[in-house]
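Data block below; observations after.
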Amino acid sequence: MWRNHFNQLYNCVADGGYQKKLYNRINEVDFNSGRPAYVITVQELLNCVFKQKVGKATGPDDIAMEAIVNGGPKLAVHLCFLFNLFLQFSYMPSGIMQSVIVPLVKDKSGDLSDVNNYRAIAISTSMSKLFESIVASEVGSPDDADKYQFCFKKGHSTSLCTDIFKKTVSYYNNRSSYVFTCFIDFTKAFHRVNYWKMFNKLLDDGIDSSIVAVLAYWYSNQLICVRWQSSVSNSFSIGNSTRQGGILSPTLFSRYICDLLSQISTTGVGCNIGGLFINVLAYADDIVLLAPFWNALQQLLSVLEMHIADIDMTCNHRLRGSASTVLTATGQVNGRWRILTPHRIKTHELTATKFRTIDYVRERTH
C-alpha cells in the first residue's frame, strides 16, 4: 500500500519536455565555457563537516555522520576529490543516492487508515547530506521577489511574516479601509514540483552548470523505498517532487515558486505602503494575497490562476479568511477562481504559531 501511494505521488507530474531542454542548455554551456567552473575546496568541506548534526539515524549505507565528523583532515581530502568528481562527470553512485521513507502519522486522533493522514520522513545517507550542504551555498535566487518569501531564510520567521501582515492590515484599518485577503492552500506543493523545470530555473539564475547537472542526475536516478515497522518495500524512482528531507529542498522550492511571487508582486495591484506593494506574502507553500478592494483581489487571483499552471500546482477549493476587519470569501465558479459573498471576520489575535493553521470564525456581513 505505502509503496503504491508514494510511487503515484512522486510520479504524477510529466516533465513536459523540460528534461530535453535542460540537457540541451547544459551541453551548450559546457561547449562554450568548459566545465567545471565550481570546485569544492578542502577547507569548504571541513567547514560544512563541523556544521553537521550528529546523533541521527543512519541511512541505507549505515554510515553515521559521526564517522565523517571525526574522520580528520585526511578523510576530508579524499571526500573533496570524490565530490569534485561528482561535479566533473555529473554522476553519483547509486548507494549514495538511496533514501528510505518512513510514514509518520500527522493527527493521532484522525483516521489512522487514511494515507493522507501521514507525512513522509526521509532518511538519507551521510555522504549525500554533506554534499548537499556544500553546494547549498552556491544555490540561491537573485530575484527581487524573493523578499516576499519568509521561510528557509536566515533572520526570517513566521513572526516576521505575521507582523508584516498585521501591520499592513492595521495601516489600512486606521485609515477607515478594509483589506480583502485570500489564503492560498496548495495541494501537495512540495511533491508536485517538476524538478526539470526547477533546474531550468537554476540555469536562468546563472547557477553553475556542473551543480545543476549533478543535481539533475541525482534527482532522476535516485531510488527510494518505504519502511513500515519491520517491513521494507521494493525501491522505486521519483519523477517529480523535491527530495524529502533534503538540505537543498527548501531553497529549491523557494526558487521554484519565486516566479509566481514575482508575477503577483509586480502587478501594481493590491496593498501599497509608501510606494512598496505588499500584495503577497509567502511562508514556504502558504501564500496570502492582500488588496484594499475586492476587484483588486480578483485581479490578483486571476494572475495566480494563470501562473500556477506553469508550475504544475493546484489549489485546494476551501480557502480561509483573515483577521480583524479583513473581508474575504473565495471559491470556484465554472472552474474559475472567483470572489463570492464577502464574510465579516470576527476579531482574532493572529499569532506566529497560528499563521499557517489558524481557523477563522466567519459571520455574514449585513
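The values are calculated or read from the model by the stated rules, or taken from the named source; none is laboratory data. Since the structure is predicted, the reported quantities are computational estimates derived from the model, not experimental observations. Every residue, glycine as well, gets a Cβ built from its backbone with ideal geometry; the counts of neighbours run over all protein chains shown. Side chains are part of the model used for accessible areas, which takes the heavy atoms of the whole protein and leaves out ligands, DNA and RNA. Shrake-Rupley method; radii C 1.70, N 1.55, O 1.52, S 1.80 Å.
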Only loop residues by DSSP count here, and only those with at most 13 other Cβ atoms within 10 Å; note down the chymotrypsin sites (Phe, Trp or Tyr not before Pro) in segment 51-128 that meet that. Tyr91
Might you tell me the accessible area per residue for segment 1-73, computed with a 1.4 Å probe and given in Å²? 64
How long is the gain from Lys20 to Ser176 if the chain were fully straight, where each residue apart is worth 0.36 nm and the alpha carbon distance is subtracted? 50.8 nm
What base-10 log of the normalised intensity I(q)/I(0) is obtained for segment 122-222 from the Debye formula, alpha carbons as equal point scatterers, at q = 0.10, 0.18, 0.20 Å⁻¹? -0.45, -1.09, -1.23
Computed label-point distance, nm, for sites Ser159 and Thr41 using a 7 Å Cα→Cβ extension: 3.6
What residues qualify as long-range amide H neighbours of Gly239, i.e. H under 5 Å apart, gap of 5 or more or another chain, H built at 1.01 Å from N? Asn11
Could you give each residue of segment 201-218 its phi-based ³J(HN,Hα) in whole Hz, using Karplus coefficients 6.51, -1.76, 1.60 with θ = phi - 60°, and x for Gly or Pro? 5, 5, 5, 4, 7, x, 5, 3, 5, 5, 5, 4, 5, 6, 5, 5, 5, 4
Once phi is turned into ³J(HN,Hα) by the Karplus curve 6.51 cos²θ - 1.76 cosθ + 1.60 with θ = phi - 60°, what whole-Hz value does each residue of segment 160-171 show in order, with x for glycine and proline? 5, 4, 5, 5, 5, 4, 5, 5, 5, 4, 5, 4
Check which residues have an amide H placed less than 5 Å from Asn272's amide H, if you skip close sequence neighbours. Ile278
Within the under-14-Å Cβ sphere about Leu223, not counting Leu223, Lys/Arg +1 and Asp/Glu -1 give a net charge of +2
How big is the C-alpha Rg of segment 156-204 next to the rule-of-thumb value 2.2 N^0.38 Å, as a ratio? 1.77
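What does the charge count near Lys154 come to, summing +1 for each Lys or Arg and -1 for each Asp or Glu among other residues with Cβ under 15 Å from its Cβ?
After counting each charged neighbour, the total is +2.
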For segment 283-297, Karplus-derived ³J(HN,Hα) couplings (6.51, -1.76, 1.60; θ = phi - 60°; whole Hz; x for glycine and proline) come out as 10, 6, 9, 9, 10, 10, 9, 10, 8, x, 9, 5, 6, 5, 4
How much of the accessible area of segment 132-206, in percent, comes from carbon and sulfur atoms when a 1.4 Å probe is used? 48
If you count, for each residue, the other Cβ atoms within 10 Å and average over each peptide, how do 198-207, 4-13 line up from highest to lowest? 198-207, 4-13
Give, rounded to the nearest 20 debye, the magnitude of the charge dipole that segment 147-229 has about its Cα centre when Lys and Arg contribute +1 at Cβ and Asp and Glu contribute -1 at Cβ. 280
For Thr266 and Arg227, calculate 0.36 nm times their separation in residues minus their Cα-Cα distance, and state this gained length in nm to one decimal. 9.5 nm
Amide H contacts under 5 Å for Cys315, restricted to residues at least 5 apart in sequence or on another chain and with H modeled in the peptide plane, are Thr187
Using the Cα centre as the reference, give the magnitude of the dipole from point charges on the C-beta atoms of segment 183-260 (Lys, Arg: +1; Asp, Glu: -1; all else neutral), rounded to the nearest 20 debye. 280
How big is D for segment 26-109, in µm² s⁻¹ as a whole number, if Stokes-Einstein is applied with the Kirkwood radius of its Cα pairs at 4 °C and 1.567 mPa s? 83
When you count, for each residue, the other Cβ atoms within 10 Å and take the mean per peptide, how do 156-166, 242-252, 101-111, 45-55 rank with the highest first? 242-252, 156-166, 45-55, 101-111
